[in-house]
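Working notes, beginning with the structure itself.
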Amino acid sequence: MTRALSLRDWAMLLVVALALLLPGFASLPPVDRDEGRYVVSSQRMADTGDRIDIRYQDQPRYLQPVGIYWLQSTAAALLDGPEHDSIWAYRIPSLLGALIAIALAGWIGAFYFGRGAGLTAALLLAACFSLNFEARIAKTDAVLLASIVAAQLALMRAYTDPASGRAMAALFWAALGIGLLVKGPLILIVVGATIAALVAWDRKVSWLLRLRPLWGPLLTLAIAVPWYVAIGVITDGAFYAKAVGQSLMGKVANSQQGHSGPPGYHLALFAWAFWPGSLLAVYAVPFAWRARAQPAVRFLLCWIIPTWVVFELVATKLPHYVLPTYPAIACLAGAALFDPNPAPIGRLGRLAFAVVSLLWLGVSAVLASVGPLALWRIEGVASPVAITLGVFGFAAACAALVLLWRRRKGAAIAAFVLAGALVLGNTFGYAAPRLEQMWMSPRIEAAVRLARPCENGSLVTTPYHEPSLVFLHGRTSTILAPSGAAAAQALASDSACGLALVGAVEEADFLASAARLGLDVVPTTRILGQNYSNGDELSLTLYRAARAHEDESGAR
């Protein structure tokens, strides 16, 4: 059994992964609110060169450590123009993180279960719906996943190989340091839960000495501690109170921002989040139980189960929280598919798999219809291209199922990946960038460009405070006013060049305050749409100060 991927295999994986991950990568507008806040803060870092403090406009942003902001600001500085205003540049670290995680999953699968299992693991992870979303978004999760998989690979080698050397130990501790800089102690939850489960299962700890515990932690500290000390000094400890006390512990004890769910939340969403590989993951369950005595299988189970349980118990829940378990699930799915000695399934097993297959097909149908339905419902467009891609995507999913039942493994995997490419490309690459009514910030910025009296005028906005607009218009020239009165005051201070974007509810207060200030204002554009981040229907009006020869309606 070949336990390594060839250069040709790696080249194929890179091409396929990029074909899956790139559609929509540059054409999707900034996504509110998390991505918008990350890129505005990273843009400030790229502009100012301040690599210690993290700020959203002029406000502290002490929710995560600095690692992702370093990576995003560096990508923007190296790859973007002097304005640092191209969203794709800030997404490069997420894309690279996803590619690294895919490659490491392929390496693990091939080394422990053979070439076919390794290719399957990498391809399933590359086509995974959840990872595809994270790879296109400029935030922490894809980069964190890469550091977690690197640490888990090194830990797995230490667990399974008595001759595991210094290189693997160095990889383990370096990955921990990087993970701590990207998202704090979350990497320790996955790694610590895995170690605790393995020690409890085997009742042995001696294998941990292969990680070189005398010098290894010093490497982690050398990577992570300097910034943690620096931020503590310049903020007088405020970073720790906010990031640990409020953000991290708050998510554990209470659901934040309405992101809650009962235990079982992640399991209920798994068929969608790991699609199309979720069918093969179910297929791997009997294999994993039967082969649990194998050290590699045992390690993967201890990687998946404790981490999954922890995130099912945490009060705050989002679908990507269990993403760190997906590489291990993909490896087990590949190992099960290419098991050289498969056990007979039996009548009950075939019946159960038939039921699961029908449910999976239902999920496939829903995902294949997302793109065309979104265009029809939001834009009122029955797009032939979106409909065709959706139909072919669902047909590929059906073909994958038939081929899997016929035990045509290679063809089945190819059909799974093709289904993923068609559905994901349709959703992220074709349909989503065309949902103009949903993406309000690009339309607002286009209206501002047409209406602004000066090239560098300010934009004061209330109550529309979405980070995507701050990024598109400029972090220093966008003023987030708390009320209509405050918006009028800010416009009065920049009446020659400024513009005000005012919501319908705040409009009367804005106009009354402008009149009290002796400021004549003229409406230039009304923008209607839905704020997709909270579902609110919005009516926004863009105002500028009237010139001397204009009346209140804007007529000359």
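The values are calculated or read from the model by the stated rules, or taken from the named source; none is laboratory data. Given the structure is predicted, the values throughout are model-derived calculations rather than measurements. All Cβ positions, glycine included, derive from the backbone under ideal geometry; neighbour counts span all protein chains shown. SASA here: full protein model, heavy atoms, side chains in, ligands and nucleic acids out. Shrake-Rupley method; radii C 1.70, N 1.55, O 1.52, S 1.80 Å.
Please express the Cα-Cα pair-distance distribution P(r) of the stretch 260-340 as a list of whole percents, one per 5 Å bin, running from 0 to the bin with the greatest distance.
P(r) for the stretch 260-340, in whole percents per bin: 3, 16, 26, 24, 17, 10, 3, 1, 0.
Can you bin every Cα-Cα distance in the stretch 65-136 into 5 Å intervals starting at zero and give me the percent of pairs per bin, rounded to whole numbers?
3, 18, 19, 17, 14, 12, 9, 5, 2, 1
Which residues among the stretch 440-483 fall inside the zone where the amide N is under 11 Å from a point 7 Å beyond the Cα of residue 505, along Cα→Cβ?
463-464
Give, to the nearest whole percent, the P(r) tail of the chain beyond 45 angstrom, counting all Cα pairs.
21
Stokes-Einstein diffusion coefficient for the stretch 342-457 at 20 °C in a medium of 1.002 mPa s, Rh from the Kirkwood formula over Cα pairs: what value in µm²/s?
128
In whole Å, how far is the Cα centre of the stretch 352-369 from that of the stretch 19-84?
Using only Cα atoms, the two centres lie 38 Å from each other.
At q = 0.10, 0.15, 0.24, 0.25 Å⁻¹, work out log10 I(q)/I(0) for the stretch 312-408 with the Debye formula, treating every Cα as an identical point scatterer and leaving solvent out; two decimals please.
With one equal scatterer per Cα and no solvent, log10 I(q)/I(0) is -0.45, -0.90, -1.21, -1.23.
At 24 angstrom or more along the helix axis (alpha-carbon based) and mean Kyte-Doolittle of 1.6 or higher, what helices does the chain contain? Whole DSSP H runs only.
186-202, 216-235, 384-405
In Å, what Kirkwood hydrodynamic radius results for the stretch 1-132 from the alpha-carbon pair distances?
16.3
Step by step: find N for the stretch 468-534, compute 2.2 N^0.38 Å, then divide the Cα radius of gyration by it. What's the final number?
Ratio of Cα Rg to 2.2 N^0.38 Å: 1.14.
Spin-label point model (7 Å from Cα, Cβ direction): what's the residue 267 to residue 79 distance in nm?
Taking the simple label geometry, residue 267 and residue 79 are separated by 3.9 nm.
Estimate the FRET efficiency between residue 496 and residue 528 by the formula 1/(1 + (r/R0)^6), using the beta-carbon distance for r and 25 Å for R0, to the nearest 0.05. Before the final figure, lay out the partial values.
Working: r = 29 Å, r/R0 = 1.14.
The computed FRET efficiency comes out at 0.30.
So how strong a dipole does the chain carry about its Cα centre when Lys and Arg Cβ are +1 and Asp and Glu Cβ are -1, to the nearest 20 debye?
In debye, rounded to 20, the chain gives about 2720.
Could you state the accessible area per residue of the stretch 491-542 in Å², with a 1.4 Å probe and every protein chain left in place?
Accessible area per residue: 46 Å².
So what's the convex hull volume per residue for the Cα atoms of the stretch 69-184, in Å³?
Values: hull volume 12.1 nm³, N = 116.
Measuring per residue, one finds 104 Å³ for the Cα hull of the stretch 69-184.
If I compute solvent accessible area with a 1.4 Å probe over the protein chains, what percent of it on the chain is carbon and sulfur?
That share works out to 65 percent.
How long is the stretch 432-514 along each principal axis, judged by its Cα atoms, biggest number first, in Å?
That gives 39, 28, 19 Å along the principal axes, largest extent first.
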